[in-house]
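What follows is a set of notes on a single structure, which appears directly below.
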């Protein structure tokens, strides 16, 4: 279809899971994609997948918790591909499970710095380049836990609630200037991050928490992100879109 033909996109956390699915989907639709991640092997593998399908992509190692590396990522996209029109701020971590009273300060700071501050840094440096390009679209990956809480996940829940607030503010500030900013809130998605941290019984319980009867696939999230990144969603601004198999409807 090529609905992103001629566009340049940046995807953070593109080395696996949702980020990889988004990067591959962007490339299939014609965008030139800069994939960033701290995982060099994973990021380079994403680029190989894109290139095998005749897409155009490049990898840049970046830690979203460091503003200077977020700035450098945007500069890399512009220098290599000539501009920036689309960004998906996806990079994130789960953090350690603990009650609030037992949550370590270091764990709190790490989760907030990656999951919330990392999105802010992305917006801060992506938006000026999109203004230069005449407009663009940014999709921030929040979570169902950006709308509700869950025990032993306070830093993650707080960060994802913050991502939704940032998305709303950015939409209000830049919508009239041609930059649409929206957020997607995935339910529990079958990704390496989830499978590496949960046992079989926990996976079974999470599956049962979704009225649709299963967990989501990264490619399903990527399709929502694609829509929000394209002109097909031209009236979508500052909004949160849950993609959760009915989780929040309960």
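Mind checking which residues of segment 77-95 are surrounded by 18 or more Cβ atoms within 10 Å (Cβ to Cβ), part of a helix (DSSP H, G or I) and within 20 Å of the chain's Cα centre (by Cα)?
Once the filter is applied, which keeps residues that are surrounded by 18 or more Cβ atoms within 10 Å (Cβ to Cβ), part of a helix (DSSP H, G or I) and within 20 Å of the chain's Cα centre (by Cα), segment 77-95 yields only 77.
Taking the conditions exactly as written (in contact (Cβ under 8 Å) with a residue 12 or more places away in the chain and surrounded by 15 or more Cβ atoms within 10 Å (Cβ to Cβ)), does residue 192 satisfy them or not?
no
For residue 154, are the conditions met, namely being farther than 26 Å from residue 71 by Cβ and touching a helix residue (DSSP H, G or I) at 6+ places or on another chain (Cβ under 9 Å)? Steps first, please.
Details: farther than 26 Å from residue 71 by Cβ: yes; touching a helix residue (DSSP H, G or I) at 6+ places or on another chain (Cβ under 9 Å): yes.
Spelling it out, residue 154 is indeed farther than 26 Å from residue 71 by Cβ and touching a helix residue (DSSP H, G or I) at 6+ places or on another chain (Cβ under 9 Å).
Residue by residue through segment 96-117, note down the ones that are in contact with a helix residue (DSSP H, G or I) (Cβ under 7 Å, 6 or more places away or on another chain) and either surrounded by 23 or more Cβ atoms within 10 Å (Cβ to Cβ) or part of a helix (DSSP H, G or I) (or both).
Hits for segment 96-117 are 100, 107, 108, 111, 112, 115, 116.
Among the residues of segment 55-64, is any surrounded by fewer than 24 Cβ atoms within 10 Å (Cβ to Cβ), more than 17 Å from the chain's Cα centre (by Cα) and over 12 Å from residue 9 (Cβ atoms)?
no
Pick out, from segment 147-250, the helices (runs of 4 or more DSSP H) lying fully within it that include 2 or more residues that are at pLDDT below 95 and either closer than 24 Å to residue 42 by Cβ or touching a strand residue (DSSP E or B) at 6+ places or on another chain (Cβ under 9 Å) (or both).
Working: elements: 154-174, 192-197, 200-208, 218-229.
Helices (runs of 4 or more DSSP H) meeting the threshold: 192-197, 200-208.
The values are calculated or read from the model by the stated rules, or taken from the named source; none is laboratory data. All values derive from a computational prediction rather than experimental measurement. Counting neighbours? That spans all protein chains shown, and the Cβs are built from the backbone with ideal geometry, glycine included.
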